[in-house]
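Step one of this worksheet: look at the structure below.
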Amino acid sequence: MDIASKYNPAVTEDKWYAYWMEKKYFHSEPDDREPFTIVIPPPNVTGVLHMGHMLNNTLQDVLVRRARMQGKNACWVPGTDHASIATENKVVNKLREQGINKDDITREEFLEHAWEWKEKHGGIILEQLKKLGASCDWDRTRFTMDEALYESVIDVFIELYEKGLIYRGIRMVNWDPSAKTAVSDEEVNYKEVKSKLYYLKYKVEGEDEYITIATTRPETILGDTAVCVHPEDERFFKFHGKNVLVPLLNRPVPIIIDEYVDREFGTGALKITPAHDINDYELGMKHKLEVIDIFKDNGTLSEAAELYVGKDRFVVRDEIIEDLKQTGSLEKEENYTNKIGFSERTDVIIEPKLSTQWFLKMGEFAKPALEVVESGEIQYYPAKFKNIYRHWMENVRDWNISRQLWWGQRIPVYYLPNGEMVVAKSMEEALEKAKSTYDLPDLQLDDLKQDEDVVDTWFSSWLWPISVFDGIRYPDNEDIKYYYPTNDLVTAPDIIFFWVARMIMAGLEFRDKVPFKNVYFTGIVRDKIGRKMSKTLGNSPDPIELMNQFGADGVRVGMLLTAPAGNDLPFDPALCEQGRNFSNKIWNALRLVKGWEVDETIDQPESSKMGIRWFESRMNKALKTIESHFTKFRISDALMDTYKLIWDDFCSWYLEIAKPAYQQPIDIVTYEKTVSFFEDLMKIVHPFTPFITEEIWHLLRERKEGDDIIIASMPTSNGFDKDILNAFERAEQVILGIRNIRLEKSIPNKESIDLVVKKGDHPECIFYPVISKLGNIKSIEEVDEKPDNVMSFIVGSQEFYVPFTADIDVDAEIAKLQEELDYTEGFLKSVMKKLSNEKFVNGAPEAVVVKEKQKQADAVNRIKVIKEQLAGLK
């Protein structure tokens, strides 16, 4: 068989992905098998693949491919999120480039542009996932604005409204002046910013005295409606019940007293601006203060401000400071570091703003959603995220679900001329409802006005595990009954509140079942010096370029080798090189095995028989460990054990044992067993490296139609022989000891030598045929005493000798033994320290303690032997 000298992922990957798609291996339909379901965390439709997506989707693909090979009906549902704010921003910017202002076109015209943009750019990230090898059921691709998913959102809004869980009210919200919409508390990122603290003088009305207040936002004085002091602060007793004049405006506002004030902060007096600070708003409500909203939706000053009308808030900040200086109202300014909220979507500073919004009551949802995590019905990996989840659930606030945008699911509320409103799926339904509810027989469609807002994007994605199977509209359809609840969710911890918690709430509310059984939280991908990867820093490599350079399998392995659950991943492109080297190692092993000439007439050597016995046990032990890792979602550890099984045990040891002598044939039994081992190894590693394993699978043997590794059965552990494994570990050390002596004494490997063994406990003796082959030993003899003219080495407490005809450098031999003695004594000291620790002895598993005690005994015996050898040389 002609096998290329180098593995070429560029050819292999496209070929096999197209083949899998053609065979519909990724597609799933309900049947009698056990389902295994994952729904993709839908990336923004605006997005392109970044390193976080690479990590997240590689992990999902590993889980899905493994489940498929375990005989489960694996279904991985892909899709994208309409991402209201991000997409609307993109479309607004595109229109601006064309000379079109959003405010100058109708909602319908804007949505036409939005859909056009989505159709042109919206599928990029899903196509990129295919290059990664993602085995999603592409026939089931969903988009949160698809008709079924859109209707599901509307149905849910109506149901919750009718249950009294959705209400409309004026509240202080986080306002994004760039996107011109409210955003939730969870969509605000707080950053430490170097600011200024300005001390402003408010003149007491009718007197020559002043009260000084400190603020970081001098532009908001135009909305001040009070100054507040602590009732027990003696400095201000004389001002109780009086007014002060707002600087520049000279508007009189009352001095109010309230225990809310921190007497130690600033000057002890606070300016109160109810329209633009959440705490001031609460005080304003309590003291029935006037509310003056000085900002327009775009962050410029409104007519209510009286001054600086139409100017941006930060331009006004600079101008008002100059004017306050001119009027003598600025006492001083100081440097000040504080935390300021920024919009997650647009990265502009959030403006607290009073606004009429729609809210969902969260109290009823939180308790059952917390219970299913606390009880273990839903498992978090790592479990530390339960504490974060609990804190949020115990302090949950009502969810502001309305957004002042056009792109999204429009709120199904219709307003009547008489000030009433109805909630309905369509305007026609709303009309009939309004007529009957309010006895308005002459009401016309034109009399109704639908709410302009859309729902928060998360209000559609919280339904994702249900709506992708159309379980809201058709709660008894075959798909939802078969695939729900899903199995595993792989996501980032930063959306535990946005998405994970809310999906749990929705699952319990609308299906009376949790939406998934396990949640695996990935870490954040950082660069090798610990910085979060971002376009701004320029430290995020292009995933497509990485895959072009190292192959998709190489990148997958490189990322997962250092991706423990919940911990940040210090990514270095060199990791992908390690992944590519792993592919090359497997490829070279294939070329070695397929290059052997097979002779069916020759007998199987004893060394091969023993090598096969050992590797069967070694692989079965590894399979048990790997299964344990997967059960605990230690996927990085599962890969590392698989990597070592292939690289170290199979390539470095087993193939060396099995391969025939130079230009000699191999027996048929060893060859067939070697190919079988190779097949099993490719199955084990296939979820991690899907492309190269499918290629090698088809090169190892002739395959019938449909005999493909993607649907092959995953090997399971059949038990292993501990004695065989322990004996081989000793045999390895003997072989390494022989190789070291050859190296030290420049004895060529092709020159056969004798091995002399001091009588004693020899568990490795069953592997003498292997030792003889790999050490090129012509004879092995046991003796009672150390013979003359030999080089020695020790394995455990057992002495081995290699006869040597030339004079021995006694000083060099003493130095070598002394170095070995020092190391062994240090090692014994560390073991003794561990065993003298009661906490370790009582708390560690029994097998671990037994192993440490064996290490102690071996070290004691080894020290004794080394000292005897040293005494013999001195």
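The values are calculated or read from the model by the stated rules, or taken from the named source; none is laboratory data. This is a predicted model, so every value here is computed, not measured. Cβ sites come from the backbone with ideal geometry, for glycine too, and all protein chains shown count toward neighbours. Surface accessibility is based on the protein's heavy atoms, side chains included, excluding ligands, DNA and RNA. Shrake-Rupley method; radii C 1.70, N 1.55, O 1.52, S 1.80 Å.
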So what J values fall out for the range 851-858 if you push phi through Karplus, 6.51 cos²θ - 1.76 cosθ + 1.60 with θ = phi - 60°, rounded to Hz, Gly and Pro as x? 5, 5, 5, 5, 4, 4, 4, 4
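Pop the C-beta distance of THR356 and ILE495 into the FRET formula with R0 = 30 Å and round what comes out to the nearest 0.05.
Details: r = 27 Å, r/R0 = 0.91.
Rounded to the nearest 0.05, the efficiency is 0.65.
Taking 35 Å as R0, compute the FRET efficiency from the Cβ-Cβ separation of GLN664 and MET21 and round it to 0.05.
Working: r = 44 Å, r/R0 = 1.26.
Efficiency for this residue pair is about 0.20.
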Excluding residues on the same chain fewer than 8 positions from LYS853, give the lysines whose Cα lies under 18 Å from its Cα. LYS722, LYS829, LYS833, LYS834, LYS839, LYS864
The range 408-424 and the range 625-651: distance between their alpha carbon centers, rounded to Å: 57 Å
Of all the Cα-Cα pairs you can form in the range 190-277, what percent are over 16 Å apart? 51 percent
Where a ≥ b ≥ c are the square roots of the eigenvalues of the C-alpha gyration tensor, would you call the range 242-284 rounded, which needs a/c under 1.5, or, failing that, prolate if a/b is larger than b/c, or oblate? oblate
Can you work out the base-10 log of I(q)/I(0) for the range 1-47 at q = 0.17, 0.29, 0.32 1/Å, using the Debye formula on its C-alpha atoms alone? -0.84, -1.04, -1.07
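Leaving ligands and nucleic acids out of the surface, order ARG251, ARG556 by accessible area at 1.4 Å, largest first. Please list the in-between numbers first.
Values: ARG251 40, ARG556 0 Å².
Reading off the accessible areas and sorting them downward yields ARG251, ARG556.
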Interchain or long-range residues, amide H under 5 Å from VAL490's placed H: TYR520
Report relative contact order for the range 465-573 in percent, whole number only (criteria: Cα-Cα under 8 Å, sequence separation at least 6). 26 percent
Under the 7 Å Cα-to-Cβ spin-label approximation, GLU290 and GLU119 lie apart by a distance in nanometres of 5.4 nm
Accessible-area value, GLU116, 1.4 Å probe, nucleic acids and ligands omitted, Å²: 110 Å²
Can you work out ³J(HN,Hα) from phi for every residue in the range 412-426, in order, using Karplus 6.51 cos²θ - 1.76 cosθ + 1.60 and θ = phi - 60°, giving whole Hz and x for Gly and Pro? x, 10, 10, 9, 9, x, 7, x, 7, 8, 10, 10, 7, 6, 8
The long-range amide H neighbours of GLN450, using H built 1.01 Å from N in the peptide plane and a cut-off of under 5 Å, are TYR415
Tell me which lysines have Cα within less than 22 Å of LYS191's Cα, excluding those fewer than 8 residues away on the same chain? LYS180, LYS339, LYS353, LYS532, LYS535
Please list, by residue number, every one of the GluC sites (Glu not before Pro) in the range 687-717 that is coil in DSSP and has at most 14 other beta-carbon atoms within 10 Å. GLU702, GLU705
Take every Cα pair under 8 Å in the chain that's 6+ residues apart, average their separations, divide by the length, and report that relative contact order as a whole percent. 12 percent
Reachable aspartates and glutamates, given that their alpha-carbon falls under 12 Å from the alpha-carbon of LYS24 and they are not under 8 places away in the same chain: ASP137, ASP139
Taking alpha-carbon centroids only, the range 717-785 lies from the range 55-88 a number of Å equal to 49 Å
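Going by accessible area, probe 1.4 Å, with all protein chains left in place, what is the ranking of ASP822, ASP442, ASP527, ASP754, largest first? Before the final figure, lay out each step's value.
Values: ASP822 85, ASP442 130, ASP527 15, ASP754 50 Å².
Heavy-atom accessible area, descending, gives ASP442, ASP822, ASP754, ASP527.
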Whose amide H sits under 5 Å from the amide H of GLN70, counting only residues 5 or more places off or on another chain, with H placed in the peptide plane? MET714
Leaving out ligands, DNA and RNA, and with a 1.4 Å probe, what % of the accessible surface on the range 510-623 is carbon or sulfur? 45 percent
If you count only protein heavy atoms and use a 1.4 Å probe, how large is the accessible surface of ASP603, to the nearest 10 Å²? 130 Å²
Quick note, the range 1-83: a/c under 1.5 would make it rounded; otherwise a/b > b/c is prolate and the rest oblate (a ≥ b ≥ c, C-alpha gyration tensor); here it is oblate
With label points built 7 Å along Cα→Cβ from the Cα atoms of GLU702 and GLU452, find their separation and express it in nm. 7.4 nm
Specify whether the C-alpha gyration tensor of the range 520-613 places it in the rounded, prolate or oblate class, a ≥ b ≥ c being the square roots of the eigenvalues: rounded for a/c under 1.5, otherwise prolate if a/b is larger than b/c and oblate if not. prolate
With the cut-off at 28 Å, tell me which of the pairs LYS644/LYS773; LYS130/LYS683; LYS621/LYS659; LYS609/LYS750; LYS513/LYS621 have Cα atoms farther apart than that. LYS513/LYS621
Per residue solvent-accessible surface (Å²) - the chain, probe of 1.4 Å: 46 Å²
What is the extension gain from GLU545 to ARG33, computed as 0.36 nm multiplied by their sequence separation minus the C-alpha to C-alpha distance, in nm to one decimal? 180.4 nm
Note: GLU334 to VAL372 extended length (0.36 nm per residue) minus current alpha-carbon separation gives 8.7 nm
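Which FRET efficiency value, to the nearest 0.05, do you get for ASP809 and ASP788 by plugging their Cβ-Cβ distance into 1/(1 + (r/R0)^6) with R0 = 22 Å?
Values: r = 15 Å, r/R0 = 0.69.
The calculated FRET efficiency here is 0.90.
Find the Rg to Rh ratio for the range 87-170, where Rh is the Kirkwood radius over alpha-carbon pairs and Rg uses the same atoms.
Numbers: Rg = 17.6 Å, Rh = 16.1 Å.
Computed over Cα atoms, the ratio is 1.09.
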Neighbour cut-off at most 13 other Cβ (10 Å), DSSP loop, trypsin sites (Lys or Arg not before Pro), the range 267-348: LYS288
Okay, helix-only estimate at 222 nm for the chain: each DSSP H run of n ≥ 4 adds -39500 (n - 2.57), divide by all residues, round to 500 deg cm²/dmol; what do you get? -13500 deg cm²/dmol
In nanometres, the difference between 0.36 nm per residue of separation and the alpha-carbon distance of ALA148 and ASP318 is 56.1 nm
If you take the Cα atoms of the chain, find Rg, then find the Kirkwood Rh from the mean of 1/r over all pairs, what is Rg/Rh? 1.10
Can you tell me the Rg and Dmax of the range 48-139, counting just the alpha carbons, in angstroms? 17.7, 58
Largest first, please: the extent of the C-alpha atoms of the range 618-677 along each principal axis, to the nearest Å. 46, 18, 13
Rough spin-label spacing in nm, given labels placed 7 Å along Cα→Cβ, for ASN588 and LYS532: 4.1 nm
